[in-house]
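Novice: I am attaching a structure below and will ask some questions about it afterwards.
Each value in this text was obtained by applying a stated rule to the coordinates, not by laboratory testing. Note that the structure is predicted; figures quoted are calculated from it, not measured. As a convention, Cβ positions derive from the backbone with ideal geometry for all residues, glycine included, and neighbour counts pool all protein chains shown.
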Amino acid sequence: MKQGLLSTKKRKISSFDILRRPIVTEKSTLQGEVGNKVVFEVLPGATKNDVKLAMKEVFSVTVEKVNMIRLPAKTKRFKGVVGQRNAIKKAIITLKDGETLNFFDGV
């Protein structure tokens, strides 16, 4: 396993576990068009280096920079019942010039 990827004593965590899902919103789509950036929800314990290595391994792209954002859990009410959204960690990944990731080609 490459140096920098998360691992525990019980099991090694793969690159597919680190990158949970792409976040597709109006803002993230605009960032992709203008700044050559992609946004992913990542594992809460992942570091910038873990995300960089996972992107290189999974998508075969060169990563220039990684910014991380931690979103806390949010309390919500629905019909008087109190609930809570999950806390997530997002990674805004800047790709090197000339590299792209297109999730919706041909749609």
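Novice: Any idea how far apart THR100 and SER60 come out in nm if each label point goes 7 Å out from Cα toward Cβ?
Specialist: Taking the two extended label points, one gets 1.7 nm.
Novice: Now for a separate question. Under a point-charge model restricted to the Cβ atoms of Lys and Arg (+1) and Asp and Glu (-1), what is the dipole moment magnitude of the chain relative to its Cα centre, in debye to the nearest 20?
Specialist: 880 debye
Novice: While we're here: Quick one: what do you get for the stretch 9-60 if you divide its Cα Rg by 2.2 N^0.38 Å?
Specialist: It is 1.25.
Novice: Pairs to check: LYS56/LYS90; LYS12/LYS96; LYS48/LYS90; LYS56/LYS96; LYS65/LYS89. Give those whose C-alpha atoms are more than 21 Å from each other in this structure.
Specialist: Violating the 21 Å Cα-Cα cut-off are LYS12/LYS96.
Novice: Around ARG20, which amide H atoms from residues at least 5 apart in sequence, or from another chain, sit under 5 Å from its own amide H, with H modelled in the peptide plane?
Specialist: Long-range HN contacts for ARG20: GLU41, VAL42, LEU43.
Novice: Determine the sum of side-chain charges near LEU71: Lys and Arg each +1, Asp and Glu each -1, restricted to other residues whose C-beta is under 10 angstrom from that of LEU71.
Specialist: +4
Novice: With Rg and the Kirkwood Rh both taken from Cα atoms, where does Rg over Rh land for the chain?
Specialist: 1.03
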